[in-house]
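Quick one: the structure is below, and I'll ask about it shortly.
The values are calculated or read from the model by the stated rules, or taken from the named source; none is laboratory data. All figures in this text were calculated on a predicted structure; none of them were measured in a lab. Note: ideal-geometry Cβ built from the backbone for every residue, glycine included; neighbour counts use all protein chains shown. Note: accessible area is taken over every heavy atom of the protein model, side chains too, but ligands, DNA and RNA are not part of it. Shrake-Rupley method; radii C 1.70, N 1.55, O 1.52, S 1.80 Å.
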Amino acid sequence: MLVILTLLVIFLLFCPVTISQVQKRDPDCDYNITQIIQSKGYPCEEHKVITKDGYILGIFRIPHGRKSSSSSLGRPVLLQHGLLDSSATWVMNFPDQSLGYILADAGYDVWLGNMRGNYYSRAHIKYNPDHDEAFWDFSWDEMAKDDLPSMIYYILNVTKYEQIGYIGHSQGTMIAFAEFSRPDSIIQNNISFYGALAPVVHLGHIKSPIKYLSLTSKELELYWHLLFGRNEFLPSSYIIKWLGTFACGDVILDRLICENVLFILCGPEKKNMNNTRIPVYVSHAPDGTSVKNMIHYAQGVHSNIFQAYDYGSSQKNQLHYNQTTPPEYNIHALKIPTAIFWSTDDWLADAIDIAYIFDNLKSMVYEKCIPDYNHLDFVWAISANKIIYSDLLNVMQKYHPPN
């Protein structure tokens, strides 16, 4: 016993920084999204949405701001996260910096969506994600045609409104461009405004290290399955280290970032972020997706075509689509008033690829370029409230006012 006490005294004397760091761990690192929202003084509801193919999606609601009550709910707006992310992305900064809180305080009824396969939507009426390969047989195609409409119709049913506002980041814009622009789309009649942050359609010019996994070989799908399997996208530490050399270089300046696959793929630059919140970000992201979804992105990098998942042969595509090639998505048909926020320094939404949107989208009502923003800055930068969200709120109020 005396030996143990002596060692403890020595530890306390010579390791004060370690003890201090443990004491200062941000509680948001360990909170789930409900706890994060409530800890900031906002109300939060959790809802479950079941898609037609059986996925159980967890979506969250901030019905009003801190200074209002449930007796006067505003119009609904749905915020949709990006690749490998979750709804927590909209509330991980402080109330005056996070879009979820800002919209709630502006009078909106805020809904935070989650795509199938992420932390909050890892459930199915039939399949077990831990055991059944069938659970992971999806890409952003299914998110667009099944998850997105399911959430929108659920929100309309609960709120009794006929239209909602929609704001997406990254993958959240990709599925919106795909679904809202279908030739037979009915659901776009239920969207009065669309805000696109770091929009993604074409991927052929990305700077992200994912391009090194987007081979020109016809065996791209097999290659990915050999590396990552067929279920959840869980890259090994060796592959993360290998990708990290392209993102961070040989010298790792911030291990938290350079060992996190989301930062590696989206860009490790953190000059626009609050450094004290980095542990919170890496505690909540990445939040999961399927290997098949990642393959779909890799196909887009290789082909530079905005199209459905390519099953690798004319015969397989014929079985899935009744045609030998994957059907292409055409954003010409999108009629929703759309605001675009983009950057010339974005690793995943490159300026050359963004030009395709400008050349083909007929319903754009606002556009703003933020030169020094990377892909994650659109949701996590401490300056986003002034540089992006203020303008976003102003233009949305013209087409989708809170009341």
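Residues in the stretch 135-177 that are in a helix (DSSP H, G or I) and either touching a residue at least 60 places away in the same chain (Cβ under 8 Å) or within 23 Å of the chain's Cα centre (by Cα) (or both): how many?
Pass one, the stretch 135-177, residues in a helix (DSSP H, G or I): 135-136, 140-159, 171-177.
Pick out the ones that are also either touching a residue at least 60 places away in the same chain (Cβ under 8 Å) or within 23 Å of the chain's Cα centre (by Cα) (or both) and you get 135-136, 140-156, 158-159, 171-177.
The qualifying residues number 28.
Same structure again: Would you check which residues across the stretch 69-100 are of a type in the set (Phe, Trp, Tyr) and over 23 Å from Lys48 (Cβ atoms) and list them?
Correct list: Phe94 only.
Against the condition open to solvent by 10 Å² or more (accessible area, probe 1.4 Å), touching a residue at least 12 places away in the same chain (Cβ under 8 Å) and under 16 Å from Phe177 (Cβ atoms), how does Trp342 come out, does it pass?
Values: open to solvent by 10 Å² or more (accessible area, probe 1.4 Å): yes; touching a residue at least 12 places away in the same chain (Cβ under 8 Å): yes; under 16 Å from Phe177 (Cβ atoms): yes.
In short, yes.
Is at least one residue of the stretch 194-207 surrounded by fewer than 22 Cβ atoms within 10 Å (Cβ to Cβ), basic (Lys, Arg) and not in a loop (DSSP other than H, G, I, E, B)?
no
Filter the stretch 182-191 for residues that are at pLDDT 95 or above and either part of a loop (DSSP other than H, G, I, E, B) or within 21 Å of Gly107 (Cα to Cα) (or both) and give the result.
Result: Asn190, Ile191.
Still on this structure, I have one more. Just the residues that are open to solvent by 10 Å² or more (accessible area, probe 1.4 Å), assigned to a loop (DSSP other than H, G, I, E, B) and either within 13 Å of Ser214 (Cα to Cα) or not β-branched (Val, Ile, Thr) (or both), please, taken from the stretch 293-310.
Once the filter is applied, which keeps residues that are open to solvent by 10 Å² or more (accessible area, probe 1.4 Å), assigned to a loop (DSSP other than H, G, I, E, B) and either within 13 Å of Ser214 (Cα to Cα) or not β-branched (Val, Ile, Thr) (or both), the stretch 293-310 yields Asn304, Asp310.
Continuing with the same structure: Being of a type in the set (Gly, Ala, Ser) and touching a Gly at 6+ places or on another chain (Cβ under 8 Å) narrows it down to one residue among Ser181, Ser98, Ser121; which is it? Reasoning before the result, please.
Working: Ser181 fails: touching a Gly at 6+ places or on another chain (Cβ under 8 Å); Ser98 fails: touching a Gly at 6+ places or on another chain (Cβ under 8 Å).
Unique residue meeting the criteria: Ser121.
Continuing with the same structure: So which residues in the stretch 361-384 are open to solvent by less than 30 Å² (accessible area, probe 1.4 Å) and either part of a helix (DSSP H, G or I) or among the basic types (Lys, Arg) (or both), if there are any at all? Explain how you work it out, then say what you get.
Step one: of the stretch 361-384, the residues open to solvent by less than 30 Å² (accessible area, probe 1.4 Å) are 361, 363, 370, 373-381, 384.
Asp377, Phe378, Val379, Trp380, Ala384, listed by residue number.
On the given criteria, is Ile388 in contact with a Pro (Cβ under 8 Å, 6 or more places away or on another chain), β-branched (Val, Ile, Thr) and either open to solvent by less than 50 Å² (accessible area, probe 1.4 Å) or closer than 19 Å to Ile210 by Cα (or both)?
On the way: in contact with a Pro (Cβ under 8 Å, 6 or more places away or on another chain): no; β-branched (Val, Ile, Thr): yes; either open to solvent by less than 50 Å² (accessible area, probe 1.4 Å) or closer than 19 Å to Ile210 by Cα (or both): yes.
Spelling it out, it is not the case that Ile388 is in contact with a Pro (Cβ under 8 Å, 6 or more places away or on another chain), β-branched (Val, Ile, Thr) and either open to solvent by less than 50 Å² (accessible area, probe 1.4 Å) or closer than 19 Å to Ile210 by Cα (or both).
Please find, among Gly244, Gly267, the residue that is touching an Asp or Glu at 6+ places or on another chain (Cβ under 7 Å) and open to solvent by less than 10 Å² (accessible area, probe 1.4 Å). I'd like the intermediate steps shown before the answer.
Details: Gly267 fails: touching an Asp or Glu at 6+ places or on another chain (Cβ under 7 Å).
Gly244 is the lone residue from the list that is touching an Asp or Glu at 6+ places or on another chain (Cβ under 7 Å) and open to solvent by less than 10 Å² (accessible area, probe 1.4 Å).
On the basis of being farther than 29 Å from Trp90 by Cβ, buried (at least 17 other Cβ atoms within 10 Å of the Cβ) and touching a helix residue (DSSP H, G or I) at 6+ places or on another chain (Cβ under 7 Å), does Pro326 make the cut?
On the way: farther than 29 Å from Trp90 by Cβ: yes; buried (at least 17 other Cβ atoms within 10 Å of the Cβ): yes; touching a helix residue (DSSP H, G or I) at 6+ places or on another chain (Cβ under 7 Å): yes.
It is true that Pro326 is farther than 29 Å from Trp90 by Cβ, buried (at least 17 other Cβ atoms within 10 Å of the Cβ) and touching a helix residue (DSSP H, G or I) at 6+ places or on another chain (Cβ under 7 Å).
Would you tally the residues in the stretch 263-292 being farther than 16 Å from Leu227 by Cβ and assigned to a helix (DSSP H, G or I)?
Summing the residues that are farther than 16 Å from Leu227 by Cβ and assigned to a helix (DSSP H, G or I) in the stretch 263-292 gives 12.
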